[in-house]
Each structure stands twice: as C-alpha cells, then as structure tokens.
Amino acid sequence: MRRQGLLSASGILLLGLIVLMTLHEWDNPLDGDREAFLSAPLIIADNITAKAYDRDTGKVSYDLKAEHLEQYQREALTTLSAPDLRMENENGVWTIHSKRGEVRDNGDQIVFLDQVEARSENNGVTLSTERLEYLNDAGQVRSPGALTLKHRDGSTRAGNMESNLTSGEMTLGKGVVSEFTGSN
Amino acid sequence: AQPPGGQSVEVSADSATFEQSAGTGVYRGNAELIQGNRRMNADVIRLFTENNQLVRVEATGNPVRMREGSELQARAKNLVYDLKTRRLVLTGDAHVDHQGNTFEGARVQYNLDSRRVDASSEGDKRVRLVIPAKNTEQGTAPDNGEEGAGDGAANDNATPNPNGTDGGKAETP
C-alpha cells in the first residue's frame, strides 16, 4: 500500500511541475519572439488618404496622401513613403511633398523628410529643405535646418524658419540672404 | 523684368520676418542691402513689394549708412529708398557727401538719376552746406533747378534759404 501511495504522490508532483513549466512558457514567450512581436508594424497600408478635421469649424484642416504607410504601436509612430499634404486656411493653400514622412502625436505632428518641397498656391512661393515639421493644432510649419525660398521676384536662403499659418507670418533665422531679381 | 532701378537687389541680415498678406519683409540685425555699387547698412531694413516686385526700402539705424561707389556717402537715422522714383529721403540728422560737397539738414532728398540734392530744415535743425574751395573754383553753373529738369549735369550747389525760417528749403538750383 505504501509503495502505491508513494507512486501516486510523485506522479502528482511530476504533473504539477509539467503544468507549471507550461504555464511559465505560455506567459513569457522567449525574449526574441517578444521583441519581434512588439517591433513589428501594427498596420501596413498602401495608397492611403487621411483627413484631419478642425474641432471648431469641422472643416478639413489637412488632407494627407501617401504611397505606403506603416504604423508602430510601441513608438506611437507612423512612417510614410512619398507623403503629400494639402492644407487650407484663410491665408490660402499650402502643399507639402517629400520622399519620407513620419506622423506622431496621433496625427498632430507630421514630419516631412528628404527632399521636402512646400508650395503656397496663392503667391507661388516654394520652399525647399531636408526637414519640415507641420504642427496641426498649433497651426505652425517649421524647418529646423537650412532652407531656400523661391518667390516671384527672387529667392531667399536662411538657416531656419518658423511659419504661423494663421497669421501668415514667416520668421527666418540663423542668417538670411534675399536676392530680388525682378518678377519673372 | 528687373526690379525698378535696374540691377538686382540683395538683402541680408541675421533674421527676417515676412508678412505674406502685407507683402512686407523686415530684416533685423546687421542688415545690409546691395544693388550694383550701392550699399546700405542698417539695424533694420524693411522691404515693400507691389505685384511681387520690390518697390520701396525703409531703413533705420544709428545711423543708417549708404554708399554709392566713391561719389556718394550718406547717413541718417532713417532712410527711405523709393526704387520706382529712384529717390533717397534721409531724415534724422541727415548727412550727404556728394562729389566733395556736404549737405546736412533735418531732411535731405537725393535723386539717383539727376544727382539733385534737396536739403530742408525742421525746428532748430537748420540746413548746412559745405562746398570746398576747389569746387567753387570750378564754378559749377547752376541750372534752373526744376525737379528732374537737370540734364544729368552735376548740379549740387544748394543755396540755403537766407532767412532760414522753419520749413525753410535750400533747393538745389
């Protein structure tokens, strides 16, 4: 009788151990798999169109198109290929295009990277730079680095730029050189 | 089409602010304007455009300095350059050295085409004109002094208004 009791006790112990190991494995997959899972894009999409609306007026504040989109949950980041933005307010229409882009803060900040071209439909001013940040809520566009503006009567180079889309005021810094060659 | 006044204009400064709707640009900090051999240095240079063309420049400084080759040197607290009428208006301790002659007054106006100088007084700031002896010997013949009537000859012998009353105007005959 004692032998039988012993067998059954060790059997239970063994079974319990197996269950514990299985549960442990289930709850904590191998670290490699976990990292792969977390760093994988949550969403992948092609030829996307996204619109943002002004909370107060309900009007479209911007209309964003891109060839390819990948959204990453952990970094709260969305990367774009060939983003094309169009925004309109009482000061007119601006369009921005670049090779790459990033969307952060739930769509409030859009960063355009790599051969960025922005253009004002009203006065024909075009802006070229390598990085341009669009802050939707603040109604601001800024370029932290060097940029070139082409306007109808010439061109302007500067070390950085900040533009308030509501007031229509653009401030250039870190050295500004404008050349007026006459309207073309 | 070239900007009024012929050559292209280059403006540089530490920073600048553009007002899209007003068509103005304000350049601040070591501001400099270059047009051909004309050079202006100021603290602030304000540009005004019309139909996308630069038409007017307003500069302020302590003082604003303007040079055109070796012929003209001017300084004042404020300087307005009208590219269309090709005229400079200097106000606030205005001082113009032109071909050796010196004009001082509350307000001095200089026409870039006819080279005519008009200096006028204001309050206690009277007009002062200095013509070095060398220039008087040459006896530059003054013409009738109507605006723009000059045929391009150098006519910068201004005759100060004798009574020098307020608003007295020493016009270049």
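The values are calculated or read from the model by the stated rules, or taken from the named source; none is laboratory data. Remember, it's a predicted structure, so these values are computed and weren't measured experimentally. All Cβ positions, glycine included, derive from the backbone under ideal geometry; neighbour counts span all protein chains shown. Just so you know, the surface numbers come from the protein's heavy atoms only, side chains and all, with ligands and any DNA or RNA stripped out. Shrake-Rupley method; radii C 1.70, N 1.55, O 1.52, S 1.80 Å.
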Which one of these is touching a Pro at 6+ places or on another chain (Cβ under 9 Å) and open to solvent by 20 Å² or more (accessible area, probe 1.4 Å): A:148, A:171, A:181? A:181
Would you point out which residue out of A:134, A:53 is open to solvent by less than 40 Å² (accessible area, probe 1.4 Å) and either assigned by TED's automatic domain parsing to the domain that holds residue A:174 or under 10 Å from the mean Cα position of the chain (by Cα) (or both)? A:134
For the stretch B:25-35, indicate whether the set of residues that are within 9 Å of chain A (Cβ to nearest Cβ), more than 18 Å from the chain's Cα centre (by Cα) and assigned to a loop (DSSP other than H, G, I, E, B) is non-empty. no
Being of a type in the set (Gly, Ala, Ser) and either at pLDDT below 95 or under 24 Å from residue A:139 (Cβ atoms) (or both) is the filter here; which residues of the stretch A:71-86 pass it? A:76
Residue under evaluation residue B:84, criteria (1) under 23 Å from residue A:175 (Cα atoms); (2) within 14 Å of chain A (Cβ to nearest Cβ), criterion not met: (1)
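For (1) at pLDDT below 85; (2) open to solvent by 60 Å² or more (accessible area, probe 1.4 Å), each residue gets a yes or a no:
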residue	(1), (2)
A:9	yes, no
A:12	yes, yes
A:17	yes, yes
A:25	yes, yes
A:48	no, no
A:62	no, no
A:112	no, no
A:115	no, yes
Output the residue which, of all residues in the stretch B:39-65 that are open to solvent by 50 Å² or more (accessible area, probe 1.4 Å) and within 14 Å of chain A (Cβ to nearest Cβ), is modelled with the lowest pLDDT. B:52
Can you tell me which condition residue A:38 does not meet? The list is (1) closer than 27 Å to residue A:129 by Cβ; (2) outside any strand (DSSP E or B); (3) in contact (Cβ under 8 Å) with a residue 24 or more places away in the chain, and all the others hold. (1)
Residues of the stretch A:133-184 that turn out to be part of a loop (DSSP other than H, G, I, E, B) and more than 9 Å from chain B (Cβ to nearest Cβ), as a count: 9
